[in-house]
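For reference, the structure discussed in these notes is given below.
Every number in this text was worked out from the coordinates using simple rules, so none of it is lab data. Remember, it's a predicted structure, so these values are computed and weren't measured experimentally. Positions of Cβ are generated from backbone atoms using ideal geometry, with glycine treated the same way; all protein chains shown enter the neighbour counts.
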Amino acid sequence: MVTNKFIDGWLHEAKELLQPDKVVFIDGSDKQRAELTKFAEDEGIIHKLNENMYENSYLYRSNPTDVARVEQRTFICTRTKREVGNTNNWLEKDKAYIMLKDIYRGCMKGRTMYVIPFIMGPYASDSSKCGIQITDSVYVVLSMCIMTRVGDKVLERIGGTNDFVRCWHAVDGCDPEKRYICHFPEDNTIMSVNSEYGGNALLGKKSFALRIASYLGKNEGWMAEHMLTLGVQKPDGEIIYVSAAFPSACGKTNFAMIEPPKQYLDKGYKVWCVSDDISWFKTGEDGRLWAINPENGFFGVVPGTSDKTNKNAMASMKRNTIFTNVVHDVDNNDVWWEGKGVEPPENAIDWQGNKWTKGMGTKGAHPNSRFAAPIENCPNISSEVNSANGVPISAMIFGGRRSEAVPLVYEAFDWPHGVFIGSVMASEATAAASDQAKIRTDPMAMLPFCGYDMGDYFGHWLNMGERLGDKAPKIFNVNWFRKDSEGRFIWPGYSENMRVLMWIIDRCCKVAQAKETPVGYVPIQGGIDTDGLEGISEEDLNYLLTVDREAWKGEVTRIEEYYKFIGETVPEKLTMQLEQMKKRILG
Ligand code: SAT
Ligand code: MN
């Protein structure tokens with residue numbers, strides 16, 4: 001094994017503090033993974049499911065207090081608050097180290113410390129970055145083995161350098177009062193304690209690939225975004241790639257794996273999934289923006305996933321998958337969840353481990369129950385997912401859950417206007433975080449994930465656009481969630497979102513027309529292909545594409561307040577965008 005004084009020194013410090021009985025290095029071999037899986041099964045930590053339904057797949061039930069990200073307890077720790085701004089929780093970094101070390105002290109006594117070397121991004125890519133996570137949770141080890149590329153090969157890549165993120169993780173009784181997710185961007189360090197939930201504990205994911213990486217990206221001239229990436233292959237074989245940012249639990253995984261409606265398939269269209277949650281972008285030699293997926297697996301919301309809503313996700317969870325907090329169908333040793341599209345089992349255990357029937361009126365699966373599945377399981381995974389350069393991006397799409405005001409789709413006038421649109425996007429609350437307001441502004445879907453000041457982050461987006469010039473992707477906004485006066489969703493969503501995606505692709509290829517509105521360009525009448533689309537009238541569609549000036553006056557107020565909240569770092573170019581929009585709306 002490679003010797004590295006930085007790794008040795010850090011692990012020595014960790015052992016002294018955590019005092020584990022035993023240290024186990026995760027080498028990335030199938031043999032070791034099978035042994036750890038067996039161990040977890042024997043200990044009753046995970047439960048093996050019916051092999052005929054889910055091959056080598058397991059059910060895990062979390063501590064009932066530990067089911068989502070905890071934004072109130074997530075901190076960026078720096079010297080001064082200026083670096084993190086008003087949208088992040090801040091702790092002075094020396095004080096944070098002292099507090100965390102007090103919690104960590106001796107917490108692995110009598111147990112094993114696992115050491116997981118992992119890489120975010122393909123081995124072949126220069127853009128990829130390495131980390132090492134220590135943890136005492138075998139569930140976290142097995143989940144990391146799905147979500148990231150792990151093992152000895154990563155240590156070889158790190159070589160003798162200090163170029164790795166130090167990821168501390170421990171579960172010391174899972175006490176919610178002592179739960180902290182802390183990031184030290186200046187020190188390439190993450191410290192997480194007392195949660196095993198994905199976004200809090202699989203530190204390659206939100207903590208590294210977004211919070212630390214966004215900070216590195218700003219300093220190094222690239223971008224880490226909460227975005228899916230997909231490619232639409234046209235009948236002539238050309239593939240156009242787009243990326244899209246939606247807040248957690250707003251359908252990124254469904255959109256990334258979208259199954260086009262039949263008539264598109266018949267014509268020869270295909271969609272390829274590159275990433276369902278996070279994309280890293282850098283400018284390529286051709287001057288365009290290129291994306292890689294830093295992850296190696298999916299950590300998707302389970303409820304609502306069915307063959308109808310996301311066939312590819314259903315196929316992705318068929319093997320080597322860990323389900324967390326879903327219903328156990330005891331007779332069939334199967335799993336079930338609300339929205340699976342089949343009747344619930346008679347003999348069932350709910351996500352908290354209690355006997356459960358539908359008639360009880362409670363949810364059987366937790367609304368934020370999840371599946372962790374290897375990316376290679378996905379039937380429409382892109383052949384570029386392991387490539388060194390990634391894929392060139394033609395469009396970036398923002399979106400959220402908005403029952404009012406926001407049109408089905410609109411296009412920014414140019415890059416700065418697109419950055420403005422992203423900077424003020426908002427969404428209604430979901431179950432992905434436990435402490436959300438009803439509707440919140442969530443810039444670029446990065447509110448919980450940006451590792452530094454939000455105004456500086458907007459500035460970085462503007463700078464990237466300047467660098468890209470006329471090669472910059474076009475920017476769009478979508479909203480699948482507008483409701484009618486009776487509170488019903490108007491747009492059918494899921495597969496049918498392909499129709500909106502095609503308008504976006506056609507705009508990128510300069511073959512679709514648009515008309516100008518105060519908020520951006522929208523499709524002209526007949527611009528969205530409705531061939532074969534049922535249950536939606538032309539009137540509905542017109543309504544979905546209208547800009548309601550009255551409602552947008554409210555948006556202007558919300559945006560003004562939000563920019564005030566971010567403070568002085570909001571770039572002047574964006575306050576100018578706001579003024580211009582205000583004029584267009586107020587007339
Ligand atoms: O919990 S995760 O952060 O991994 C999923 C999400 O909330 O986006
Ligand atoms: Mn996410």
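The slack between Ser29 and Lys270, meaning 0.36 nm per residue of separation minus the straight C-alpha distance, is 83.3 nm. Against the empirical curve 2.2 N^0.38 Å, the C-alpha radius of gyration of the chain lands at a ratio of 0.94. Its DSSP H runs of at least 4 residues, each contributing -39,500 (n - 2.57), put the calculated 222 nm mean residue ellipticity of the chain at -8000 deg cm²/dmol, to the nearest 500.
Under a no-solvent Debye model with one identical scatterer per Cα of region 436-587, what's log10 I(q)/I(0) at q = 0.12, 0.14 Å⁻¹? The computed values of log10 I(q)/I(0) come out as -0.67, -0.91.
With the simple spin-label model, which puts each label point 7 Å out from Cα in the Cβ direction, the Ile103 to Glu177 separation comes to 1.3 nm.
Other residues lying with their Cβ under 12 Å from the Cβ of Arg467 contribute a combined charge of +1, Lys and Arg counting +1, Asp and Glu -1.
Note on Asn463/Thr112: beta-carbon distance plugged into 1/(1 + (r/R0)^6) with R0 of 45 Å gives a FRET efficiency of 0.50.
Converting phi to 3J(HN,Hα) with the Karplus coefficients 6.51, -1.76 and 1.60 and the offset θ = phi - 60°, region 309-319 yields 8, 7, 4, 5, 5, 4, 5, 5, 9, 6, 8 Hz in sequence order, with x at every glycine or proline.
P(r) for region 1-127, from all Cα pairs and a bin width of 5 Å, is 2, 7, 10, 12, 17, 19, 15, 10, 5, 2, 0, 0 %, short bins first.
If R₀ is 41 angstrom, what is the calculated FRET efficiency for the pair Lys153 and Lys363, using the beta carbon separation as r and rounding to 0.05? Working from the Cβ atoms, E equals 0.50. Each principal axis of the Cα atoms in region 329-474 has its own extent, and those three values, largest first, are 60, 39, 30 angstrom.
In the chain, the DSSP beta bridges split such that about 65 percent are antiparallel, to the nearest 5. Modelled label-to-label distance, Thr161 and Lys438, 7 Å Cα→beta-carbon offset: nm? Placing both labels 7 Å beyond Cα along the Cβ direction yields 5.0 nm.
Stretching the chain fully between Leu586 and Val556 yields a gain of 9.8 nm (0.36 nm per residue, less the alpha carbon separation).
A simple count of charges around Tyr60, restricted to other residues whose Cβ falls under 10 Å of its Cβ and scoring Lys, Arg +1 and Asp, Glu -1, yields +1.
Ordering of 364-375, 513-524 by packing is 364-375, 513-524, highest average first (other Cβ atoms within 10 Å, averaged per residue). Per-residue extension of 0.36 nm, minus the Cα-Cα distance of Ala315 and Arg488, leaves a gain of 59.3 nm for this segment. Pairs of Cα atoms in region 57-106 fall into 5 Å distance bins, from 0 up to the last occupied one, in shares of 5, 17, 17, 17, 16, 12, 9, 5, 2, 0 percent.
The local environment of Ile536, defined by Cβ-Cβ distances under 14 Å, has a net charge of -4 under the rule Lys, Arg +1 and Asp, Glu -1.
Here the Karplus relation 6.51 cos²θ - 1.76 cosθ + 1.60, evaluated at θ = phi - 60°, turns the backbone of region 541-557 into coupling constants of 5, 4, 4, 4, 9, 7, 9, 8, 4, 4, 4, 6, 5, x, 4, 4, 4 Hz, with x for every Gly and Pro. Put simply, the amide H of Ala249, placed in the peptide plane, has no neighbours under 5 Å, leaving out anything fewer than 5 places away on its chain.
When each of the peptides 85-94, 114-123 is scored by how many other beta carbons lie within 10 Å of its residues on average, the order from highest to lowest is 114-123, 85-94. Rounded to the nearest Hz, the phi-derived 3J(HN,Hα) couplings of region 511-523 under the Karplus curve 6.51 cos²θ - 1.76 cosθ + 1.60 (θ = phi - 60°) are 10, 10, 8, 8, 10, 7, 10, x, 9, x, 7, 10, x, where x marks glycine and proline.
Taking amide H as placed 1.01 Å from N in the peptide plane, the amide H of Arg69 sits under 5 Å from that of Ser434, each at least 5 places away or on another chain.
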